[in-house]
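Shown next, in structure tokens, is the structure this report addresses.
A short reminder: the numbers here are calculations on the coordinates, not readings from a lab. Since we're looking at a predicted model, the values are computed, not measured. Backbone-built Cβ (ideal geometry, glycine too); neighbour counts: all protein chains shown.
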Amino acid sequence: MHWSKTLIPTLRDIPQEAEIPSHQLMLRAGLIRKLSGGLYTFLPLGLRALRRVERIVREEMDRAGAIEVLMPALHPREIWDQSGRYEVLRDVMFRMRDRQDREMVLGPTHEEIVTDLVAHQINSYRQLPKTIYQIQTKFRDEIRPRFGLMRAKEFIMKDAYSFDADWEGVEQSYQAMYNAYTRIFERCGLRVKVVEADTGAMGGSSSHEFMVLADSGEDGLVECTGCAYAANLERAERMPPANESKGDPAPLCEVKTPHRRTVEEVAAFLHVRPEEMIKTLIYLCEEQPVAVLVPGNRELNEHKLARALEGRPIRMADEETVVKTTGAPLGFAGPAGLRIPVYADQELKTLRQHVAGANRADAHVIHLNLARDASVTAFFDLATAREGDMCPRCGASMREKRGIEVGHVFKLGTKYSERFQAQYLDAEGRRQTMIMGCYGIGVTRTLQAIIEQSHDEQGIVWPATVAPYAASLLVLNTEHAESLIVAEQLASALSACGLETLLDDRDERPGVKFKDADLIGLPLRIVVSERSLAEKKVEIKRRQEQAKTLIPVAEAVDYVRRMLS
Ligand code: ATP
Ligand code: MG
């Protein structure tokens, strides 16, 4: 391709709107342009890289035995009512009406559509197992679209769904997808960390996320320094510390703490450590108030709370409920004397006495012993894990990292197959419900994550497997006829070997061409200049290395092929 004939609008300056390197580089290297928040046009260079990622995804899905379909992006509302997810996802879905005034939605995901399809098309154990996938545009009205393609309103996802006759089957289908994902990200040149994930609103029993480690990642995770345990912070467990305190606690005692509401304020006022305090949070579980206790220096993890309460709907209580339940204004709640269910973080067993709210304005209690002075309904792991916590498997210390979720695999079970009656007849002619898994890769997010992980001060450093072209071919002086001829000949010879190049034939200064070549980051840079041609040579350099080599023109094609293989 000739630079002068395509559309690569590179930018010198960092666009104001872009906060993270990959987003800045996608704009600066002319890969994408923004239409409006979370909506982007792919320009030729971006589209070529996207197609290469898609191709890797497709090849690995096919290799794993998955079959490709293409489902509609536009769905009638009823199918979402049938699963009960219309209410759960209504704020995320773009909704509209057709001319018959029928409500339609743009699909944020496709469990409903595919399960309905399979329920009608598959009915015998002989047709199972099946894994069905598509590469398709998804729509989500994200609360905060940002970071370019990372969190968009419209994005491309590869979504796959497996249907099995039994649980051993789903185990295998899951493993096949897990392995395919590992290969896909490896082929994309990405280093990923696989973490245990929360199953949340999807339902289902087990789930892993594929994370690209990056400071700009929106997900927090912990990894053990001693064993293979790693988990999303939404899910990460921790081993409680050993019991510290000895001896009997002193009697419960109320103290005045005027206007001191927060853990920090009370701890400073009473000269205790934050971890000696109890944070008491009032929640509504199925609209009934419950108290949730975590150590003063910890954050409650709502995902863990939801799991502990077996998925019953929870939400933080409003101020009025808190006042009515505790008899005190906000900031003075405590477990002593509460007559509602009390769920406490397991770490609170470590200390035998704590400071907590007194359920009275401007007062706290000290020497609170949970076993003696409160009635705890149950202890669970409820606080969010963090750096330095002990691994739940081996007890070694854990590290906290940030990651970009590029892929997600779920064992779903029968949640959707029951609702849509996806059943089959087994060998004995009995009707059975299929068992499902679902598997997503954010294709456009993956593309940007590659750049987030592979760039330097000058620009993108494409892994050869996904680079939009194999090499930049720079003609330094386009007035020099021989340079142009040699460059054209090299381009067609390389193209004949399947290596497409980008021939920079613009009437620009060499400095501009060098800068742009670094910015768009193709794996190799081939420079054709009057000076090198005087020796019948061209100069070749890898994007990520400084060393340049002068190679005879006649050997250039072989040399490039060797460098890229
Ligand atoms: P997130 O937690 O980041 O919102 P999710 O868990 O809701 O993502 P899934 O439903 O698991 O996403 O979707 C599968 C994959 O699609 C994700 O792993 C991610 O790579 C990608 N993805 C999800 N939402 C977006 C988005 N708004 N923009 C781009 N890619 C997305
Ligand atoms: Mg996910």
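If you take all other residues with their beta carbon under 15 Å from the beta carbon of Pro289, and give Lys and Arg +1 and Asp and Glu -1, the sum is -1. Segment Thr137..Gln175, full-extension length gain: 11.1 nm, with 0.36 nm per residue of separation and the alpha-carbon distance subtracted. Centre-to-centre separation between the Cα atoms of region 276-336 and those of region 1-64: 45 Å. Listing Cys394, Cys188 from fewest to most neighbouring C-beta atoms within 10 Å gives Cys394, Cys188.
Taking 0.36 nm per residue of sequence separation and removing the Cα-Cα distance, the Thr465/Leu284 pair yields an extension gain of 60.1 nm. Specify the inter-centroid distance of region 187-262 and region 423-492, based on alpha-carbon positions, in whole Å. One Cα centre to the other: 34 Å.
Put a dot 7 Å past the Cα of Arg95, heading toward its Cβ, do the same for Gln82, and the two dots end up 1.9 nm apart. I'd like the antiparallel share, as a percent to the nearest 5, of DSSP beta bridges with both residues in the chain. Close to 80 percent.
Shown is the FRET efficiency for Asp558 and Asp426, computed with R0 = 56 Å from the Cβ-Cβ distance and rounded to the nearest 0.05: 0.40. The antiparallel fraction among DSSP beta bridges confined to region 243-349 stands at about 80%. This ranking places Asp219, Asp116, Asp101 by how few other beta-carbon atoms lie within 10 Å of each, fewest first, which gives Asp101, Asp219, Asp116. Treating r as the C-beta distance of Gln16 and Glu59 and R0 as 41 Å, the FRET efficiency rounds to 0.60. Within the chain, the cysteines lacking any other cysteine Cβ closer than 4.7 Å to their own Cβ are Cys188, Cys253, Cys285, Cys438, Cys497.
Net charge in the neighbourhood of Gly169 (other residues with Cβ under 15 Å of its Cβ; Lys, Arg +1, Asp, Glu -1) is -2. Cβ-Cβ distance of Ser397 and Gln127, R₀ of 56 Å, FRET efficiency by 1/(1 + (r/R0)^6): the value works out to about 0.70.
Considering only Ser454, Val88, Ile340, the residue lying farthest towards the positive end of the dipole of the chain is Ser454, judged by Cα position with unit charges set on Cβ.
In the chain, the calculated helix contribution to ellipticity at 222 nm averages -8000 deg cm²/dmol per residue, counting -39,500 (n - 2.57) for every DSSP H run with n ≥ 4.
Longer than 20 Å from Cα to Cα, which of Lys5/Lys536; Lys5/Lys541; Lys515/Lys548; Lys153/Lys401; Lys349/Lys401 are they? Say none if no pair is. Table pairs above 20 Å Cα-Cα are Lys5/Lys536; Lys5/Lys541; Lys153/Lys401; Lys349/Lys401.
Cβ-to-Cβ counts within 10 Å put Thr446, Thr6, Thr109 in ascending order as Thr6, Thr109, Thr446, the fewest first.
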